[in-house]
Structure formats: C-alpha cells, structure tokens
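Taking it in order: structure first as structure tokens, then the write-up.
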Amino acid sequence: MSEDTLKALAHPSRAAQNLPATRVTSARPETVGPQSHLVPLLMKRLTSPLIRIADQVALTVALFLTLLSFSFAQGTPFQHFLQMRISMRNLCVEIGLLMAWRFLFWMSGIHQARLNPSFLSFVWKVPVTAIFCVAIVLPLLHYSDLHPDLVTAALIFWFFASTLMLFTRVVVYTYEDRIRPAFRRRRTILICGTGVRARILATQLRTHPDFRYQLIGFIDSKPQPDCSMIGPVLGGVPDLENILMRLPVDEVIVALPIKSHFAEIEDIVTVCGRAGIQTQYSLELFTSEIAKNQTVDPVDGSRVVVEMVHVDHRIVLKSTLDRIGATLGLIALAPLFLLIGLVIKLTSKGPVFFVQQRFGLAKRKFGMIKFRTMIVDAEAKQAELEHLNENSGPTFKIKSDPRVTPFGVFLRRSSLDELPQLINVVKGDMSLVGPRPLPSRDVDRFSEAWLMRRFSVKPGMTGLWQVSGRSNMDFDNSIKLDLRYIDKWSLGLDIKIMLRTFAAVARGRGAY
C-alpha cells in the first residue's frame with residue numbers, strides 16, 4: 001500500500017466521514033449467475049488450477065537449470081550430468097520442496113483471485129514469492145555435491161524461477177483464453193426473468209470457461225422490453241412446463257428478484273424437477289456494504305456465510321508474526337523491563353504491573369498488562385474526576401491527571417508503559433497492530449451498534465489512529481480510523497503502521 005493510501009486512510013476526506021451502517025439489500029446483479037464476476041475474468045484465468053501445477057513444474061525446472069549451470073561451470077560433461085542416478089533421498093527432498101513451495105504459494109495468496117484485485121498484483125507477487133522459494137533451496141544447494149557459490153546460485157535460481165513462472169502464466173492464460181473455449185460443451189439455456197439481472201447474466205454466460213451456452217430465450221410474466229435485443233421472450237412463468245416439453249433445454253437459470261418473486265421461483269424449481277431439467281439460482285440472496293467475502297458453509301453447503309472481516313490465510317500469518325515478534329521483543333527488552341520495574345518500586349508504592357480488564361475480539365474480556373503509571377487506588381478515584389474529562393464521546397482522558405505518578409508521566413510520554421502488552425500478544429489476546437482495546441467504562445457508554453464492529457478483530461498495541469494523532473484525536477475520528485483499518489486491512493498496511501509508530505513515539509505528540 002502506498003504512502004498516499006496510508007495518508008488517505010489516516011486523514012479521510014469530508015465525503016468519507018459518514019460511517020456506513022450495515023445495510024442488507026438484495027443481491028446485486030453483478031454477483032449473480034453460474035460464474036461469479038466479483039473479480040475480472042482475467043483474474044480467474046490467472047488462478048486456474050493449471051497455474052498451480054505449472055508453478056511447481058517451473059520451480060523444479062529452475063532448480064534443474066541452476067544445478068546444470070554449475071555443473072557446466074565445473075567442467076562436468078552433459079551426459080555425465082544426466083547419468084546421475086535418482087536416489088530415494090533425492091526423491092524425498094524433491095517431494096519436500098514441492099510441499100514447501102506449495103505452502104509458500106498459499107501464504108502469499110498468489111493463486112487466489114480474491115486476494116489479487118488487479119493484474120499488477122499477480123505480476124509483482126511472482127518475483128517476491130520466488131525470493132522465499134530461494135531461501136528454501138539454498139540449504140540444499142549448500143550441501144549438494146556441486147558446492148556452488150550461494151549468492152550466485154540464489155540469483156540464478158531466482159532468475160529462472162521468476163522467468164519461468166511468468167512464462168507459464170502467459171502460456172496458461174493463452175490456453176484458457178484461446179484454446180480451451182474451442183472445446184467447451186454446448187448447452188442450451190432458458191433464463192427466467194428479463195430484468196437487469198437476467199440481461200447481465202445472459203452477457204456473462206458468453207465467456208463461461210466450461211460451457212458454450214446457447215440462449216434460446218427468456219420467460220417472464222412481466223417482460224422488460226430491453227431484453228428483446230438479446231433473445232426472445234417465450235412466455236410467462238405459467239408457460240414454463242409447456243416450453244420445456246416443446247424445446248430442447250439443458251438448463252434453466254433463475255434470474256428473478258428473490259423478495260418479490262419467491263412463489264414463482266418455487267414453482268420454477270418444482271416444474272424443472274418434474275421435467276428432470278437442471279436448475280440454477282443464486283445463493284447470494286443478501287449482501288452487505290461492508291462484507292469482505294461470501295462463502296458456502298463447508299459442512300453441508302446449505303448456508304451462505306457473509307464474512308464481515310478478512311478471513312483467510314493472512315490472518316494465520318499475522319498471528320504467527322505477532323507472536324514471533326512479541327517473543328523476540330520480550331527477550332530483547334528484558335533488561336529494560338527490569339530497570340523500569342526497579343524505578344517504579346523505588347518511586348511509588350504498589351505493584352510494578354497494572355492489569356485492567358479490557359474488551360478484545362468478539363467483545364471478550366481479557367486482562368491487559370501495562371507498567372503502573374498511577375497511584376494504587378486510581379480506578380476508584382476516577383468517578384471523582386469525570387467532570388474533568390477532556391475527550392468527547394465515551395472515552396476518558398485528562399492531560400494533567402492527578403493520579404499519575406512523576407515517573408508515570410515519563411512512561412506515558414515515551415509510551416514505555418505499553419511494552420508489557422507484548423505478553424498479551426504472545427498469549428493471543430492482542431495483536432501488534434489493531435484497534436486499541438477499550439475498558440469496560442468506555443464500552444458500557446456505547447450507544448450505537450456500529451461501534452461494536454471494532455471488536456470484530458483482535459485489538460492491537462498500536463493502530464491507525466495512534467499514528468494519526470494519538471490522544472489528541474477525538475472519539476468519533478478515532479473510531480472512523482479503526483473501522484477503516486478493519487475494512488482496508490492488509491499485511492502491508494500493518495507494516496506501514498508499525499514503521500510510523502516508531503516515529504510517533506519519538507515525537508511524543510498526543511501521549512499523556
């Protein structure tokens with residue numbers, strides 16, 4: 001994500017200030033039909049199952065060419081190289097490589113259309129993924145009989161791998177676009193409906209990868225005139241049974257609005273069942289403006305799951321990186337923890353750590369750990385200071401809070417008091433980046449349901465609004481930035497927020 005994009009997220013325009021409520025509407029025409037057009041057809045061709053096989057072959061060939069090049073450099077004749085026997089050990093190594101490469105493909109999302117919104121994302125992910133594939137191959141090259149120079153070997157393998165993977169995409173795309181359509185099976189279809197949904201569907205079916213659909217016409221009790229340019233209207237829904245008896249129909253596709261034509265759709269399915277004709281209708285009965293994806297329940301396929309947050313392998317990667325990073329941070333900062341703890345004990349009475357109940361993922365409570373910066377009975381005295389609250393909305397903040405200890409002022413301005421939350425990250429209660437966890441006092445004052453959406457992801461040690469103003473930002477804008485982070489989340493955005501966090505902490509603005 002570019003710096004301009006991050007700035008746009010951190011400082012949204014006036015037109016974007018209104019938060020979208022979760023509005024449920026009928027399915028949009030663009031998402032209807034036997035082939036989903038939520039992503040361009042180009043993206044679908046670049047995620048063909050053939051690509052997955054071709055990438056594995058490309059990497060294997062790249063490894064072979066790398067070994068061959070070093071064999072030639074060392075003066076080994078080509079026929080001797082080919083006569084090298086394939087041992088069981090080498091076969092197991094190759095199987096292990098294929099599995100490791102497949103795992104890297106899954107983690108990078110290089111074969112998933114939903115995670116690649118543009119052609120450019122498919123292009124740049126190839127050389128980047130090849131870099132990680134190099135890291136897996138290098139130890140094997142080091143212990144091989146050829147003993148190649150590792151830097152040179154890495155560059156050669158990366159070049160061959162990137163070139164061949166890009167080339168296979170050109171080959172597979174050409175096959176999907178030019179060759180495969182010539183072998184599509186012919187099917188005649190009848191579309192129930194003549195509205196915008198039906199017309200878009202009729203157009204989309206012309207490029208279906210598996211079938212050469214031939215539209216014989218529409219049926220609709222109240223036909224729309226615009227469909228006559230695409231195909232004839234053969235009658236109304238009551239005429240369906242007679243039409244199926246007279247004409248050769250392989251498939252009936254329902255493209256009627258669910259809400260206003262439920263009874264008619266039920267009749268269509270019943271008639272097609274009697275006639276033994278295959279029927280298709282959309283599972284996407286409803287959609288939401290904030291939905292990230294729609295999937296079919298994997299157990300029995302009878303329910304559509306509307307995902308309101310990003311749910312894919314990147315979440316696993318984010319959680320793994322969170323725990324690794326937090327663990328390394330705790331080890332590296334152990335001396336600093338001891339020093340801060342010692343100063344806290346010497347300058348004020350009470351424990352070193354302060355544990356407060358906060359709301360986390362799915363509004364579940366957990367104990368958030370901080371270095372103690374206030375006097376021991378600070379929470380009990382908060383009610384007496386409510387009239388001094390300087391924040392709008394339900395949150396509570398005072399610049400010169402009388403409960404803060406002298407050393408606590410330093411800890412807060414330097415943000416060192418937040419470091420023990422690395423323990424929460426290791427435990428899985430928090431993430432390194434995400435909306436800040438709020439205490440019960442603040443959450444109990446939420447008055448609208450859309451505010452609850454910030455609990456749909458793990459809370460973080462830092463977030464978008466922390467690098468955009470911290471405590472100087474009012475409640476409404478901080479919530480808007482939290483929700484924008486949820487909607488626009490990516491691993492790249494997390495990295496940019498982490499980098500900007502160091503700068504924000506160094507400046508110390510808005511920390512109190």
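Just so it is clear, none of the values below were taken in a lab; they were calculated from the coordinates. For clarity, every value in this text was computed on a predicted model and none was experimentally measured. Positions of Cβ are backbone-derived with ideal geometry, glycine not excepted, and every protein chain shown enters the neighbour counts.
With K and R counted +1 and D and E -1, the other residues having a Cβ less than 14 Å from that of residue 275 yield a net charge of -3. Considering only Cα-Cα distances, which of the following residue pairs are longer than 32 Å: 349/480; 399/496; 292/381; 363/496? Beyond 32 Å: 349/480; 292/381. Take the alpha carbon atoms of segment 483-505, find their center, do the same for segment 185-242, and report the distance between the two centers in whole angstrom. Cα centres, segment 483-505 to segment 185-242: 47 Å.
Here the calculated FRET efficiency for residue 296 and residue 410, from their Cβ-Cβ distance with R0 = 41 Å, stands at 0.15, rounded to the nearest 0.05. Packing-based ranking of 107-113, 160-166, 400-406 yields 160-166, 107-113, 400-406, ordered from highest to lowest mean Cβ neighbour count within 10 Å. Within segment 96-125, name every residue whose backbone N is under 12 Å away from a label modeled 7 Å from Cα of residue 140 along the Cβ vector. Only 96-102 fall inside the zone, counting backbone N under 12 Å. In a fully extended conformation the segment linking residue 203 and residue 222 would gain 4.8 nm over its present Cα-Cα distance, using 0.36 nm per residue. Fully extending the segment from residue 91 to residue 187, taken as 0.36 nm per residue of separation minus the present Cα-Cα distance, adds 30.1 nm.
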